[in-house]
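**Q** The structure under discussion is supplied below as structure tokens; questions concerning it will follow.
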Amino acid sequence: MPNIIELKNVCKSFGNTEVLHNINFAVEEGEVVVVIGPSGSGKSTLIRCINCLEMITTGELIVDSIRIPDEQGRIRQIRLEVGMVFQQFNLFPHMTALENVAFGPRKARKMNKSKATDIARSLLDKVGLAEFENKLPGQLSGGQQQRVAIARALAVNPKVLLFDEPTSALDPEMIGEVLDVMKNIAKDSGMTMVVVTHEMGFAAQVGNRLIFMDDGRIVEEGKPSDVMKNPQSERLKDFLGHVKHH
Amino acid sequence: MDFEFSVVIDSLPALFEGAKLTWYITILGIIGGMIFGILAGLGRIAGTAALGEKPHGIFIWVSVLIRYISGAYVELIRGTPIIVQAMFLYFAFPMLVKAVTDIERFRIEALTAAIITIIVNAGAYIAEIVRGSVISVNKGLLEAGMSLGISRFQLIVHVIGPIAIRRMIPPLGNQFIISLKDTSLFIVIGVGELTRQGQEIMASNFRALEIWLTVAIMYLIMTTALAMTLRHFEKKMKMF
């Protein structure tokens, strides 16, 4: 499979602090890559660079054959093909669940209202929230909000989905429902996914590849089961020791 | 204490005329002030992350210039008393025009000066209300919208705008009421608004109690009407 995402010698700095050091990283079409690492290791920054919510400082980013920084004017094109799910859901609070999901197709894909609504309905159904379409985000539980957010990201029909710690803000009993939705997307649609998470079960079950980041570098990568069973670095051994207890 | 109710009745026609003028200055002032306020408020955050992505190239400098002009306007107006602004516009500004141009008989009508003063003054405060409401909108919502591939303009119109407007209503209510009451200061430039009418009646019959009580109640009715209108808008908007 060809690479849909490629980072070549990417560095990212905030002011004088370099948070990503010379990252080389690629994702094939249809691959599910899980990124783990301690907080502050740069994993969120890494995926935020992929859809240009953060601009890379040096190096090259290629997404769906659009090159950054050479083709800066085509950032919106990248974003149309790369959806994102956030830790804090970030649903539009003044729109119902249905309006949230239909907003992307209408404004980004320029669909008419009835077509966008049809798409939104079927996606809400897919994430098991058909009967909640007229609820505002504030009337939904965290797990439900995150499922709406996943439906919203899917609605513009992207080629890649990025997940930035999608279950970290959820109560424990709601994590399962969100992970189930993500598993279904990975299995049914063969969606390319890059998932930053601490859910090692999800990584083992769904991930094709596991990446361990520390201090702005990719320290280890490989098949999830291999990486988890045979961690090479002390840092990863230590990290796995901490997450396994939860 | 003798309270002559007939004094109140007799003063009503003149006071109503004054109230009408007060209302007129206020409404025009608020409408103009909203336009100034929205422009200056957005101007103060032009090219910052609050309105989406940061600009590139020449637009960086354009946005810096816009921010400085808007900021200078807000600070200049907030930093001087409205009564000084009104007197400057009415008495000093024509002299300034005369001094720097050849126009001999440049004059601003008192009523025009009053309306302009309210517009410019309210605009500066409304600018801060607009700015505060816009920057209070969760940045994550913009990121969510941008990551769907939606343009910045669409996001400002459909996401930031509606949320910010809801948050603006309570402080706008404050400002509208303050602007209405500020019109009473135009007594100093001879605009025949409510306070001036009261003052004139008072000067002829010396019935301070009746006149100022009536004047106060008329202000109260007008400010209550403004407050209730804003309440109505607030309730009409979906709560979240």
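**Q** Failed condition for B:S151, given (1) more than 16 Å from B:G41 (Cα to Cα); (2) more than 14 Å from chain A (Cβ to nearest Cβ), with all others met?
**A** All conditions are met except number (2).
**Q** Count, please, the residues in the range A:87-129 that happen to be free of Cβ contacts under 8 Å to residues at least 60 places away in the same chain and at positive phi.
**A** Pass one, the range A:87-129, residues free of Cβ contacts under 8 Å to residues at least 60 places away in the same chain: A:90, A:92-129.
Now narrow it down to the ones that are at positive phi: A:90, A:110, A:128.
Residues in the range A:87-129 being free of Cβ contacts under 8 Å to residues at least 60 places away in the same chain and at positive phi: 3 in total.
**Q** Take the residues in the range A:107-131 that are in contact with a Lys or Arg (Cβ under 6 Å, 6 or more places away or on another chain) and away from chain B (no Cβ under 14 Å); name whichever of them is surrounded by the most Cβ atoms within 10 Å (Cβ to Cβ). Walk me through it before giving the result.
**A** Keep residues of the range A:107-131 that are in contact with a Lys or Arg (Cβ under 6 Å, 6 or more places away or on another chain), which gives A:116, A:127, A:129.
If we keep only those that are away from chain B (no Cβ under 14 Å) too, we end up with A:127, A:129.
On the way: A:V127: 26, A:L129: 22.
Selected residue: A:V127.
**Q** Oh, and also: Of all residues in the range A:141-170, which are farther than 19 Å from A:I50 by Cα and touching a Ser or Thr at 6+ places or on another chain (Cβ under 6 Å)?
**A** none
**Q** Let me ask you something else. Out of all the residues in the range B:195-240, which are more than 22 Å from the chain's Cα centre (by Cα), within 21 Å of B:A14 (Cα to Cα) and of a type in the set (F, W, Y)?
**A** B:F206, B:W212
**Q** I'm checking my understanding of the structure. Among residues of the range B:1-15 that are surrounded by 13 or more Cβ atoms within 10 Å (Cβ to Cβ) and of a type outside the set (A, V, I, L, M), which one is farthest from B:Q199 (Cα to Cα)?
**A** Of everything passing the filter in the range B:1-15, B:D10 is farthest from B:Q199 (Cα to Cα).
**Q** For the condition surrounded by fewer than 20 Cβ atoms within 10 Å (Cβ to Cβ) and of a type in the set (A, V, I, L, M), what is the one hit in B:I217, B:I150, B:I189?
**A** Working: B:I150 fails: surrounded by fewer than 20 Cβ atoms within 10 Å (Cβ to Cβ); B:I189 fails: surrounded by fewer than 20 Cβ atoms within 10 Å (Cβ to Cβ).
Of B:I217, B:I150, B:I189, the one residue that is surrounded by fewer than 20 Cβ atoms within 10 Å (Cβ to Cβ) and of a type in the set (A, V, I, L, M) is B:I217.
**Q** Output the residue which, of all residues in the range A:137-153 that are surrounded by fewer than 23 Cβ atoms within 10 Å (Cβ to Cβ) and within 12 Å of chain B (Cβ to nearest Cβ), is farthest from A:I47 (Cα to Cα).
**A** Restricting to residues being surrounded by fewer than 23 Cβ atoms within 10 Å (Cβ to Cβ) and within 12 Å of chain B (Cβ to nearest Cβ), the top hit is A:Q139.
**Q** Would you point out the residue of the range A:38-96, among those that are more than 14 Å from chain B (Cβ to nearest Cβ) and surrounded by 20 or more Cβ atoms within 10 Å (Cβ to Cβ), that is nearest to B:I156 (Cα to Cα)?
**A** A:I56
**Q** Here is a further query. With the requirement that a residue be under 16 Å from A:Q146 (Cβ atoms), among the hydrophobic types (A, V, I, L, M, F, W, C) and in a helix (DSSP H, G or I), what does the range A:85-124 give you?
**A** Scanning the range A:85-124 gives A:A97, A:V101, A:L123, A:L124.
**Q** Do any helices (runs of 4 or more DSSP H) entirely within the range B:153-240 hold 3 or more residues that are aromatic (F, W, Y), and if so, which?
**A** Where helices (runs of 4 or more DSSP H) fall fully within the range B:153-240 and carry at least 3 residues being aromatic (F, W, Y), they are B:208-236.
**Q** While we're here: Return a yes/no flag: does the range B:65-83 have any residue that is touching a Ser or Thr at 6+ places or on another chain (Cβ under 8 Å), touching a residue at least 12 places away in the same chain (Cβ under 8 Å), more than 30 Å from B:L141 (Cα to Cα) and part of a helix (DSSP H, G or I).
**A** There is at least one residue in the range B:65-83 that is touching a Ser or Thr at 6+ places or on another chain (Cβ under 8 Å), touching a residue at least 12 places away in the same chain (Cβ under 8 Å), more than 30 Å from B:L141 (Cα to Cα) and part of a helix (DSSP H, G or I).
FYI, it's all coordinate maths here, none of it is from the lab. Because the structure is predicted, anything quoted here is derived from the model rather than measured. So basically every Cβ, Gly included, is an ideal-geometry build from the backbone, and we count neighbours across all protein chains shown.
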